[in-house]
Structure formats: C-alpha cells, structure tokens
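A short reminder: the numbers here are calculations on the coordinates, not readings from a lab. For clarity, every value in this text was computed on a predicted model and none was experimentally measured. FYI the Cβ positions are ideal-geometry reconstructions off the backbone, even for glycines, and counts take in every protein chain you see.
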Amino acid sequence: MSRRLHRQTYAEVDLLKLERNFRALRGLSPAGGFCCPMVKANAYGHGDVEVAARLELSGARHIGVGLVEEGVRLREAGVKAPLLLFGAFEGPSLEAVLANALTPVIGDWDGLALLEKSASGDAFKLHLKFNTGMNRLGFGVDQAPRLRAWLDARPRFRLEGVATHLLRGEDAGFDDGDSRGQLERFEEALAAFRGLEFFPHALNSSAAVAMHAREGRLRYGMRPGLALYGITPASREAPKLGFEPVLSFRSRVVATRRLRPGEKVSYDGLWTAKRPSLVGVVPVGYADGFQRLFSNTGEVLCRGRRARVAGAVCMDYFMVDLTDVEAATGEVGNGEEIALIGEQSGAEIGAVELARWASTIPYEVLTRLSERVPRHYVR
C-alpha cells in the first residue's frame, strides 16, 4: 500500500524537470566535458536512488556521492554509472569501496597509502584533490610533483581526475575574484600532471554558470548540485538557463480553530489573535524538516494565497493563519491543500525564500527534508 494513503504530507519530485536541468548544465560544457552531478545527502533531499537512476538514463557518465554508504546504496539499487566518492574513508571501509567500484577522490597521503596497501593488483582509477584556498580537504599545491612521481612509480593507479573546490564560485571569471587566485593555484598543480589524460574539475553550479557567461566556455569540469535540482545559483546569469525547481512539498489542513481576539496559539503562546481569526492545523513539523525557525515568520500557500505560520512550529504540526484566505475566497475547512514549497494556483514559494526566513541557505532547507516525508516521483 502506498505510504501516501497513510499521510497527507508528501514531497513530489519531478524527474522530467531534473533531466531538463541536467541537460541544460551539461550543455555548458563542450562535448565530452566532465560533468558529475552530485547526489550526496540523499540527492539534496530529493531521493538519491531515484535521482541517480534517472541521471544514469539521461547519460550521466559520473555521479558524485559524499559517503561510502551512499555509494553502496546506489550500487545495491542497480546504479551502474561510475560513482565518485568525495568523502573521506578509513581502512575498514576500503573493502566496501573496492567491492562497489567506488572511485575515491583522495586528498591526503594517508588515503594513498591505504589504497596502495589494500587495493588489489588490478588497475585502479582515482582522483586527486588539491586545496587551493577552501582550506578543508586536499593536498597542498606544492605536493603535486611528488604526487606525479608517486603515480609514475605505480602504473596500476590511473589518474582519472584532478579536483579543487572554490570557496566562492559565483565570482568565477572575474579578474578580481577569489576564484581567479584559486584557479591559478590549481593550474600550478595541474602542470605537474602534463602528459597524462585526466579530467580537471573545479566548478560547482554557480561557478559553471558564471564562467560560461563571462568567458563563453568552461575551462574545467563541473560538479553541479543546487542548479541540478532547479534552485538558481548565486549568479545573475543563471535565470537565463531556466532551471526548474524539481521538488514540491505539500500537505493538507487536518483541523481548524476559530479564535477570539486575545487567544494564543501553540507552545509558549508566541502568537496571539488580534481579531477574530481562522487558524488551520497542518500535519508537518520540524521532525519533517519544516524548521522551528519558521515560527511566526514562514509562509505557505493556500488557494494560491500566502498565509503566515501562527505560533511555534511543533515536532509534528504547525498552525497557519487562514483568516485572510477565507475572507478572500470563502470558507476554508479540513482537507484544504497547503503548499510549503512549490507552485499553487499561479503563486510560488521556493527553497530560497524558506532559507531567508531561517537565515540559512537553500542547501540546508532541502537536505533537512526528513526521511519520514514520503517522496512521490513524476516520471
């Protein structure tokens, strides 16, 4: 029986829009260019198995994961595309890396030593990551010549890619941006591997869009994430590409309350009716990923009209002030659809707006969407 029959709350993921976004991003690169869509963190909350399977069908030549467990799950689900593992792993995990044909992105000598000690004698692909200014993971650029010597002495290890991570991708292509300095240091690292065939990759969604707009080409491969899921990257050029939000988040009113002026709502009485009011109860809470920071601040759509969250968001519920919706459209009762993310009757609320209410970023809004919210896929 479908989980949707048990609960009025669900996220809808449109795989057709996902595919269109992927094709738009891939179109920024020349034919054969490196494009590794990222499906880490449950595909940014969209469901990694379904998303990875669709990307594979759409021609993705590489798919990126953050954890060994994520790669194993995709393999067990039947995904056969090359999977790049961007997260660190220790000795006990190497067996799973090898058994599931995960391609590691290595950023320290301990990782290389682990591979050399434990990997079989068969040819083994790997990517190397350099720290050019993000100061998170990666070899120092000055280590590149030593790494080249290490590879030359171990021909069974095939260098498939060399990577770095930009700290502010939206300035890629600007002469005075942080990205320029990082990419210059990246070029220093790449010079050590001349004569080898590999993919240099450095661009996230915003960097790929920005560099293409300002230079008309991409000098490096991309690892798109946010734009893949239809959230416009931090680049003024991005709207021209028409990325479509892939996920919508919906529920329904399960109870209504008519309140007199002065009556309070939810924990700590943070909301007080200033007039005769209609408050609807929506079965979504912070355990579902609708953050408590939306209390008295967030908005949802009902009949295509905005309505403000009333009071503190609870673990399983939040309340919404439907007074103005009812005044404009007629009586509102149980069963009325509520759109938390997505379109409704020509109006729209997006993850970027939710992020602003919580003083965070849309990545966090999407990845916080709980596993207990069923995903329904439009194919």
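A dipole drawn for the chain from +1 and -1 charges on Cβ atoms has a positive end, and of Gly181, Leu354, Leu196 the residue lying farthest that way is Leu354.
Measure out, as a whole number of angstrom, how far apart the alpha-carbon centroids of the range 61-101 and the range 355-377 sit. After rounding, the separation between the Cα centres reads 24 Å.
Using the Cα centre of the range 1-147 as origin and beta-carbon charges of +1 (Lys, Arg) and -1 (Asp, Glu), tell me which of Ser29, Ala81, Ala144 is placed farthest towards the positive end of the dipole. It is Ser29.
Taking other Cβ atoms within 10 Å as a rough exposure proxy, Ile361, Ile338 sort from fewest to most as Ile361, Ile338. With K and R counted +1 and D and E -1, the other residues having a Cβ less than 12 Å from that of Gly311 yield a net charge of +1.
Measuring nothing but how far apart in sequence close Cα pairs (under 8 Å, 6+ apart) lie, relative to its length, the range 247-378 scores a relative contact order of 27 percent. The charge dipole of the range 297-336, taken about its Cα centre with unit charges on the Cβ of Lys, Arg, Asp and Glu (plus for the first two, minus for the last two), comes to roughly 160 debye. Counting only DSSP beta bridges whose two residues both lie in the chain, roughly 50 percent are antiparallel. Here Met315, Met38, Met211 are placed in order of increasing Cβ neighbour count within 10 Å, fewest first, which gives Met315, Met38, Met211.
Treating each Cα of the range 247-378 as one equal point scatterer and applying the Debye formula with no solvent, the log10 of I(q)/I(0) at q = 0.21 Å⁻¹ comes out as -1.31.
Taking the convex hull of the alpha carbon positions in the chain and averaging its projected area over all directions gives 21.1 nm².
Adding -39500 (n - 2.57) for every DSSP H run of four residues or longer, then dividing by how many residues the chain holds, sets the calculated 222 nm ellipticity at -8000 deg cm²/dmol.
The listed peptides 274-283, 51-60, ordered by packing as a protection proxy, come out as 51-60, 274-283 (highest mean of other Cβ atoms within 10 Å first).
With +1 on each Lys and Arg Cβ and -1 on each Asp and Glu Cβ, and nothing else charged, work out how big the dipole of the range 247-378 is about its Cα centre, in Debye to the nearest 20.
Details: 17 positive and 16 negative charges, 54 e Å.
Dipole about the Cα centre, nearest 20: 260 debye.
Please give every one of the lysines within straight-line cross-link reach of Lys40, meaning a C-alpha to C-alpha distance under 24 Å, and leave out same-chain neighbours fewer than 8 residues apart. Excluding near neighbours in sequence, the set is Lys17, Lys80, Lys125, Lys129.
Listed peptides 319-325, 92-98, 191-197 appear in the order 319-325, 92-98, 191-197 once ranked by packing, highest mean of other Cβ atoms within 10 Å at the front. The mean sequence separation of alpha-carbon pairs under 8 Å and at least six residues apart, normalised by the residue count of the range 185-305, gives a relative contact order of 15 percent. Contact order, relative form, for the chain: 17 percent (alpha carbon pairs under 8 Å, 6 or more residues apart, mean separation divided by residue count).
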